[in-house]
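Presented below is the structure to which this report refers.
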Amino acid sequence: MSEPSEQFESTVKKSGYSLTAARRTVFAALQGEEPLTMHELVGRCEGIDRASIYRTIALFEQLGIIQRLQMGWKYKLELTGGFVHHHHHLSCVRCGKVIPLPEDANLEKRLLQLAASQNFEAQSHQLEIRGLCTDCRSE
Ligand SMILES: [Zn+2]
Ligand SMILES: [Zn+2]
């Protein structure tokens, strides 16, 4: 598989859009390990006005570059399958912390097998384990 940034550039160009500074900045800001709230994302895109960030997010969702991760009544934004190093999360229901899980090749294979057993061709998946983080458990 090609690098996430190459994948990103070719997806944007193939769809007939140009790689503006706002698009590059928003993509770079989402490259971190953790999904971001809209507020956090805006904070990481210094020099880009809020309206451009919102338009960029809408475009990225349309192009399948990012997805919303529903967290109760809120949501966070993260890159989809081919655009980020794939990972699963632990999600704390009390403080909202999202902790990436280490990769597990066996689990990945098993998930694909399960999908295939239903005659389904898997393209991507999300896996979130909800519960209490160490800090919240010790309170
Ligand atoms: Zn917590
Ligand atoms: Zn996975």
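Some observations on this one:
- Rg over Rh [alpha-carbon atoms, Kirkwood Rh] for segment 32-103: 0.96
- Listed residues G72, G47, G82, most fluctuating in the chain (Gaussian network, C-alpha, under 10 Å): G72
- Whole-Hz couplings from phi, Karplus 6.51/-1.76/1.60, listed for segment 58-66; x for Gly and Pro: 4, 5, 4, 5, 4, 7, x, 7, 10
- Charge dipole magnitude, Cβ of K and R +1, D and E -1 - segment 32-86, Cα centre, debye nearest 20: 200
- Range in the chain, longest, excluding exposed chymotrypsin sites (Phe, Trp or Tyr not before Pro) [loop by DSSP; at most 10 other beta-carbon atoms within 10 Å]: 1-72
- With viscosity 1.002 mPa s and temperature 20 °C, the Kirkwood radius over alpha carbon pairs of segment 75-134 converts through Stokes-Einstein to a diffusion coefficient of 165 µm²/s.
- Straight-distance candidates among the lysines for linking to K109, with alpha-carbon spacing under 27 Å and chain neighbours fewer than 8 residues away dropped: K76.
- Taking the Cα centre of the chain as origin and assigning +1 to Lys and Arg Cβ atoms and -1 to Asp and Glu Cβ atoms, the resulting dipole is close to 400 debye.
- The GluC sites (Glu not before Pro) of segment 19-107 that meet both conditions, a loop assignment by DSSP and at most 14 other Cβ atoms within 10 Å of the site Cβ, are E33, E46, E103.
- Beta bridges per DSSP, both residues in the chain: antiparallel share near 75 percent.
- Across segment 89-98, rounded Karplus estimates of 3J(HN,Hα) from the backbone phi angles (6.51 cos²θ - 1.76 cosθ + 1.60, θ = phi - 60°) give 10, 9, 10, 7, 6, 8, 9, x, 5, 10 Hz, Gly and Pro being marked x.
- Cα-based reach from K74 at 23 Å (exclusive), listing lysines while leaving out same-chain residues under 8 positions away: K97
- Amide H within-cut-off set for C133, under 5 Å, with H built and near neighbours excluded: V93, R94, C95
- Taken over the chain, the ratio of Cα radius of gyration to 2.2 N^0.38 Å equals 1.15.
Bear in mind these aren't lab numbers, they're just calculated from the coordinates by the rules spelled out. Model, not experiment: these values are computed from the prediction. Don't worry about glycine lacking a Cβ; one is built from the backbone with ideal geometry, like all the others, and counts go over all protein chains shown.
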